[in-house]
Every structure is written in structure tokens, then in C-alpha cells.
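Trainee: I'd like to ask some things about the structure below.
The values are calculated or read from the model by the stated rules, or taken from the named source; none is laboratory data. None of these values were measured; they are calculated from a predicted model. Cβ atoms come from the backbone with ideal geometry, glycine included; neighbour counts cover every protein chain shown.
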Amino acid sequence: MQKAISVALLFLAWFFLHNLWAVTSGLKHFNGKADVAVILGNTVMPDGSLSPWLKGRVDEALRLYKNGQVKKIFASGGIDGDRPPEGDVMRRYLMEQGVKGEDVIADNNGNNSYLTAKDFMELNAKEKFNTAVVVTSFYHVVRCEYIIKKLGFKKVYGSTSDAYYWNDWYGLTREFLAFYKYMIVY
């Protein structure tokens, strides 16, 4: 019984420390300059508009662009049933906000963080970016930076959306498991 309690306490400490790392890393806005912002997709509404949590991510990339902190934006997401593709919706929104069309690359094959990173690396083979900033929800930044670095892109930073929701706690818990899955699987 004592051994089971010790293992449980060890797991809880690991869970707590990992989440502390994810939160403290993820709640920062990028203050430097990078060649490209990589937006991780999320839900597009049935009417083709951005969900509030995706809009928060896209607005953060827009802020970086308008401040001259990034030159290009890679808007990556997937396709969910009969809803419009996430990358296309993000690109359209950014262009409506004044971003030049040639500065936004839409990717509709980023159905998860790994596929977004993989697609970004394929784009990077052509574009030769030196620095990138991933733009996503605070709990997702650490895993996104990790997977892009693991695929060989070394100078990657994070910036977070200012959109926070009650289900972010679920996302934070899910990210704990997903981070270690990515370490093993990818």
C-alpha cells in the first residue's frame, strides 16, 4: 500500500511540475522578431467563421505581423467534415484584417500538431526560414515548440492567445499526456 501511495504521489508531482512548466512557458507573448508565425488551427464554426479560441490565436499572429515582429504567417489547420478548411478560413480572416495575401500561407493538412510541424518543415525547405514563433493556446505552446524542434527547426519560440476559456483546464491535462506521446511516437 505504501508503495502505491509513493507512486501516486510521484506521478502527481510529475503532473504538477510539467503543468507548471507548460503554463509558465505558455503564458508569454513573443517579444522578439521571427521570420514566420505558425498558427495551430482549431475549430471553424459551421458558418465559416473562426471559433472564439481560434480567433484568439489568429489575432495574436495578426498582432505580431502588424507590429513588424513576423514577416509571414503560416496558418495551419485541418478539415472537419463539411466545414470550411481551417487554413483557408484563417487566411481569409487575416487578409480581411489587412495582411497581404503573399504573406499568408494556408495549410489545410495540419489535422494535428505533428502534421502542422511536418507541413511547416516542408514549407521551410523552400522558404529557408531561420526563426519561427508558434501561436496557439497557452497550454499547447510547449508541445508545439518541442515537435518543430524535434523535426529539425532549432530557433522556434512561442506566443499565446489572450483568449482563455473554462475548458483550458481540460486542454492542460490533455497536453500532459500528448507531450509524452509525442516524445515516444514521433
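Trainee: What pairs come out if I take residues in the stretch 161-186 that are surrounded by 12 or more Cβ atoms within 10 Å (Cβ to Cβ) and pair them with residues that are assigned to a loop (DSSP other than H, G, I, E, B) whose C-beta lies under 6 Å away, six or more apart or interchain?
Mentor: Ser161/Ser137
Trainee: May I pose another question? Quick check on the stretch 139-149. Is at least one of its residues in contact with an Asp or Glu (Cβ under 7 Å, 6 or more places away or on another chain), buried (at least 24 other Cβ atoms within 10 Å of the Cβ), of a type in the set (Ser, Thr, Tyr) and in a helix (DSSP H, G or I)?
Mentor: yes
Trainee: Also, I was wondering about something else. Inspect all residues belonging to the stretch 118-132 and state whether any of them is surrounded by 14 or more Cβ atoms within 10 Å (Cβ to Cβ), of a type in the set (S, T, N, Q), touching a helix residue (DSSP H, G or I) at 6+ places or on another chain (Cβ under 9 Å) and in contact (Cβ under 8 Å) with a residue 40 or more places away in the chain.
Mentor: No, the stretch 118-132 contains no residue that is surrounded by 14 or more Cβ atoms within 10 Å (Cβ to Cβ), of a type in the set (S, T, N, Q), touching a helix residue (DSSP H, G or I) at 6+ places or on another chain (Cβ under 9 Å) and in contact (Cβ under 8 Å) with a residue 40 or more places away in the chain.
Trainee: Hey, another quick one. Among Arg91, Arg83, which is the only one that is touching a Pro at 6+ places or on another chain (Cβ under 8 Å) and over 21 Å from Leu27 (Cα atoms)?
Mentor: Being touching a Pro at 6+ places or on another chain (Cβ under 8 Å) and over 21 Å from Leu27 (Cα atoms) holds for just one of Arg91, Arg83, which is Arg83.
Trainee: One residue is enough: does the stretch 66-87 have a residue meeting the conditions in contact (Cβ under 8 Å) with a residue 60 or more places away in the chain, at negative phi and crowded, with 21+ Cβ neighbours inside 10 Å?
Mentor: Yes: one or more hits.
Trainee: Separate question: Of all residues being charged (D, E, K, R) and outside any strand (DSSP E or B) in the stretch 88-107, which is surrounded by the most Cβ atoms within 10 Å (Cβ to Cβ)? Just the residue, please.
Mentor: Once the filter is applied, the top-ranked residue is Arg91.
Trainee: Restricted to the stretch 62-103, and to residues that are among the acidic types (Asp, Glu) and modelled with pLDDT of 95 or more, which residue is nearest to Thr116 (Cα to Cα)?
Mentor: Glu86
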